[in-house]
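Colleague: Sharing a structure here in structure tokens format.
The values are calculated or read from the model by the stated rules, or taken from the named source; none is laboratory data. Please read all numbers here as calculations on a predicted model, not as lab measurements. Cβ placement follows ideal geometry from the backbone for every residue including glycine, while neighbour counts extend to all protein chains displayed. Surface accessibility is based on the protein's heavy atoms, side chains included, excluding ligands, DNA and RNA. Shrake-Rupley method; radii C 1.70, N 1.55, O 1.52, S 1.80 Å.
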Amino acid sequence: MESILNSLNDAQKEAVQQIDGPLLILAGAGSGKTKTITSRVAYLLKNGIPPSSILTLTFTNKAANEMRNRALSLIDEQLSYTPLLCTFHKFGLLFLKHHISHLDRENNFVIIDTDDKKRIIKSFDIDLPVSLIASEISRYKNNLVNPQEAIAGAQLPNFKKIAHLYQKYEAYLRQNNLVDFDDLIALPYQILDQKPDLARETSERYRYIMVDEYQDTNDLQLMLLKKLTTAHHNICVVGDDDQSIYGWRGANIKNILEFDRLYDDVKVIKLETNYRSTDHILECANKLISHNRNRHQKSLNGTKGKGDEVKLLSHDTENQEALKIAQMINDFLDEGVNLNDIAVLYRINALSRSIEEGLNRQGIAYKMVGGVKFYERAEIKDIISYLRLIANPNDDFSLKRIINKPKRGLGKATIDKLQAGAHDQRCSIFSYISEHQTELKKKIAKKPFDAITRFVDLMDHLIAKKEEGSLETLIDDLEDSFGIKSYYQMLPDAQERVLNIEEFYGLYRDFMIRNSDATLDDFLNDISLQSDQDQIDESSVSVMSIHAAKGLEFSYVFVIGLEEGFFPLLGDGTDIEEERRLGYVAFTRAKDALFLSHSESRFYKGKRARLSKSRFLSEAGLVKGSLKLNKDTAGYKKGMLVKHKIFGIGRVLAVSKVKRETKLKINFAGTTRDILASFVQKV
DNA sequence: TGGGTCACGGTTTTT
DNA sequence: CCGTGACCCA
């Protein structure tokens with residue numbers, strides 16, 4: 001027990017030992033949050049709490065793995081059962097595997113990603129942007145609004161449309177037994193809500209619950225947690241409201257700001273001692289974040305001494321910026337700094353290109369986190385679709401993706417016929433083409449018919465393979481049957497794509513060897529919850545978005561693109577406080593040296609734009625403030641035409657200022673609405 | 001059916 | 001600027 005508490009400060013000790021009742025740990029950046037959580041898990045175990053009663057929820061797999069390792073290393077004895085420590089989504093998946101039958105569904109469902117979701121929506125005929133529909137559906141789900149309610153509640157024609165698409169989308173998912181990311185949280189909640197006994201039982205099972213990164217939970221996750229604590233109130237949430245950066249994905253900062261209203265007798269412990277950064281860095285971060293109003297008052301106290309001043313780097317162009325930073329990094333390396341200790345961070349991925357070029361020119365090894373994700377590459381998704389179809393032949397969605405890949409002469413016309421035929425028979429496309437061949441033959445020409453027959457035969461063979469359990473070699477049979485690799489060999493970027501395919505085959509075999517009793521479904525679900533955060537830890541400079549840098553720390557940090565418009569990123573529905581929190585997160589990644597860089601101009605979307613310094617630089621005390629407020633107000637005038645995503649085109653009736661925003665009174669086809677200027681575009 | 005050309009629009013950020 | 005989607009012709 002001593003060994004666990006020994007290395008903790010007083011606040012951390014208190015947090016670790018406070019195991020009963022609701023507890024909010026406000027853990028500032030670099031205040032030893034992970035250490036506190038892992039010590040707390042260890043402390044619970046040491047106090048005889050059975051491992052199976054402890055549930056710890058995190059945001060990324062990476063955080064989950066790291067915490068598991070650290071917690072277990074604090075315990076000497078071997079555990080027969082490891083406490084469940086996973087992401088919210090993984091927890092949802094495990095729960096649904098056991099309980100989805102309560103919703104009258106089979107547990108061989110498949111998880112779809114955002115791209116799949118958009119494809120499904122796109123396959124309906126729509127006249128609104130897919131991204132809008134997708135995000136509205138997400139919103140409905142996160143607010144527990146079902147399609148019927150959505151339709152009943154929708155007022156405007158476009159919302160009516162979206163609500164109907166939502167209904168169609170849900171029907172599609174159900175029919176194909178698909179589950180999207182939102183469902184992984186929403187469906188468990190629905191089940192627990194319908195079955196109070198199950199809620200109680202589940203809550204009894206997990207008597208000690210901990211939640212990491214609580215500032216980034218959404219409403220639905222909060223409700224789910226509420227269900228999980230029906231039988232007790234032993235919930236410990238850990239987070240930092242100043243680091244809430246996922247509002248765009250539905251995270252609700254109120255969850256952490258108002259946690260004490262959720263349960264009686266909430267104990268609050270603040271961890272305000274920062275062990276990571278030097279004082280100059282902290283001062284800069286503290287100053288910046290102090291401009292936010294919506295936050296728990298607190299500040300970080302350093303322990304490392306003053307350190308070097310935070311440096312502002314000014315450049316004319318992004319190429320100069322990249323060159324200069326690459327040179328500086330080279331100098332650090334000459335001084336003996338480790339590649340792993342250096343990071344370049346930015347607000348938007350588009351800025352990575354120039355930096356990569358600069359690092360390449362200087363011959364500096366770097367790793368990009370994010371960008372095009374491995375599992376989202378077209379060639380990988382094709383193979384995944386084949387596997388999904390083998391796992392579940394009724395998955396029309398996957399079938400349509402690969403039925404003509406590699407090309408077998410099956411175009412839109414044929415596929416439409418198959419779809420119509422399947423619809424008439426009320427069965428999936430696959431069962432239609434395998435079981436109604438005589439009928440099919442009458443409908444389509446010989447050539448496509450032969451292609452389909454051959455496709456079905458090969459698939460049947462693979463399905464049989466799966467059923468007899470030869471999963472390890474299934475991937476080779478798949479390649480032998482369909483020649484996906486050789487197909488991509490002929491396409492552009494062949495080399496890279498083939499390498500990706502080979503890597504994927506390797507991952508598949510590896511998974512099947514390591515998990516000998518796993519099913520194909522297990523594999524598919526496992527990879528769909530994987531992010532590529534978990535990269536190989538070779539020695540290199542890290543280049544990534546600030547979001548990707550959450551939870552990480554580096555000795556030397558460069559933040560680039562500190563210009564109005566890029567950071568803060570200004571556009572539809574910008575939340576300036578969240579932008580500022582992102583700045584805070586970026587600054588507090590640095591341990592010893594922080595460099596903030598801006599450029600006078602940048603080449604973006606095909607043209608070069610002149611840019612002014614980010615307001616965050618003056619707010620952090622780095623440049624003397626010459627804040628131009630309401631810069632974009634001037635653009636709007638009475639009588640002007642503007643366009644809104646949902647309301648369409650309207651005419652401006654009046655322009656006014658509210659706080660720092662421009663508010664417009666707009667006439668949309670006879671209806672007058674007050675709307676913030678940031679939500680409309682000039683026509 | 002599939003390949004080629006042309007116009008458009010767009011990017012935050014991720015489980 | 002680059003990738004995607006619509007449209008047209010062989």
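Colleague: Using a cut-off of 23 Å between alpha-carbon atoms, which lysines can reach A:LYS267, once sequence neighbours fewer than 8 places away in the same chain are excluded?
Modeller: Correct list for A:LYS267: A:LYS13, A:LYS33, A:LYS35, A:LYS46, A:LYS226, A:LYS227, A:LYS254, A:LYS298.
Colleague: Right, here's the next one. Which aspartates and glutamates have a Cα less than 17 Å from the Cα of A:LYS446, not counting those fewer than 8 places away in the same chain?
Modeller: A:ASP416, A:ASP457
Colleague: What length, rounded to one decimal in nm, is gained on full extension from A:LEU312 through to A:GLN175, with 0.36 nm per residue of separation minus their alpha-carbon distance?
Modeller: In short, 43.7 nm is gained.
Colleague: Accessible area per residue, 1.4 Å probe, Å², for the stretch A:1-107: what's the number?
Modeller: Using a 1.4 Å probe on heavy atoms only, each residue of the stretch A:1-107 averages 42 Å².
Colleague: Could you pull out every one of the aspartates and glutamates with an alpha carbon less than 14 Å from that of A:LYS306, ignoring same-chain neighbours closer than 8 positions?
Modeller: A:ASP279, A:GLU283, A:ASP592
Colleague: With point charges of +1 on the Cβ of Lys and Arg and -1 on the Cβ of Asp and Glu, referenced to the Cα centre of chain A, which listed residue (A:SER539, A:PHE567, A:PRO406) lies farthest in the positive direction of the dipole?
Modeller: The residue sitting most towards the positive pole is A:PHE567.
Colleague: If you look for lysine pairs in the stretch A:107-220 that are eight or more places apart or on different chains, how many of them have Cα atoms under 29 Å apart?
Modeller: So the count works out to 19.
Colleague: Still on this model: Per residue, how much accessible surface does the stretch A:253-342 expose to a 1.4 Å probe? Answer in Å², no decimals.
Modeller: Result: 53 Å² of accessible area for each residue.
Colleague: Expressed in nm to one decimal, what extension gain is obtained for the pair A:PHE374 and A:ARG249 from 0.36 nm per residue of sequence separation less their Cα-Cα distance?
Modeller: So the extension gain works out to 42.9 nm.
Colleague: By how many degrees, 0 to 90 and rounded to 10, does the Cα axis of helix A:318-334 deviate from the longest principal axis of chain A?
Modeller: For helix A:318-334, the angle is close to 70 degrees.
Colleague: So, one more: Please get the size of the charge dipole for chain A, origin at its Cα centre, with Cβ charges of +1 on Lys and Arg and -1 on Asp and Glu, quoted in debye to the nearest 20.
Modeller: That gives chain A a dipole magnitude of about 3260 debye.
Colleague: With the cut-off at 31 Å, tell me which of the pairs A:LYS400/A:LYS605; A:LYS90/A:LYS373; A:LYS373/A:LYS485 have Cα atoms farther apart than that.
Modeller: Listed pairs above 31 Å: A:LYS400/A:LYS605.
Colleague: For a label point 7 Å from the Cα of A:ASP265 along Cα→C-beta, name the residues of the stretch A:10-28 whose backbone N is under 11 Å from it.
Modeller: A:20-22
Colleague: Taking only Cα atoms, what is the 0 to 90° angle, nearest 10, from helix A:446-467's long axis to the longest principal axis of chain A?
Modeller: 70
Colleague: What is the magnitude of the charge dipole of the stretch A:423-532 about its Cα centre, with +1 placed on the Cβ of each Lys and Arg, -1 on the Cβ of each Asp and Glu, and no other charges, expressed in debye to the nearest 20?
Modeller: The dipole of the stretch A:423-532 has a size of about 820 debye.
Colleague: Still on this model: Give the angle, between 0 and 90 degrees and rounded to the nearest 10, that separates the Cα long axis of helix A:88-99 from the longest principal axis of the Cα atoms of chain A.
Modeller: Roughly 40 degrees, rounded to the nearest 10.
Colleague: Okay, moving on. Put +1 on the Cβ of every Lys and Arg and -1 on every Asp and Glu Cβ in chain A; which of A:ALA251, A:SER470, A:HIS315 then has its Cα farthest towards the positive end of the dipole?
Modeller: Among A:ALA251, A:SER470, A:HIS315, the one farthest towards the positive end of the dipole of chain A is A:HIS315.
Colleague: Further, regarding this structure: Give me the percent of the accessible area of chain A that comes from carbon and sulfur atoms, probe 1.4 Å, all protein chains in place.
Modeller: Carbon-and-sulfur percentage of accessible area, whole number: 48.
Colleague: Determine the order of A:HIS98, A:HIS315 by accessible area, beginning with the largest, at a probe radius of 1.4 Å.
Modeller: Correct descending sequence by accessible area is A:HIS98, A:HIS315.
Colleague: Kindly report the accessible area of the stretch A:404-541 per residue (heavy atoms of protein chains, probe 1.4 Å, no ligands, DNA or RNA), in Å².
Modeller: With all protein chains present, the stretch A:404-541 gives 55 Å² per residue.
Colleague: Let me ask another. Roughly how many nanometres apart are two label points built 7 Å out from the Cα toward the Cβ at A:LYS412 and A:HIS461?
Modeller: 3.3
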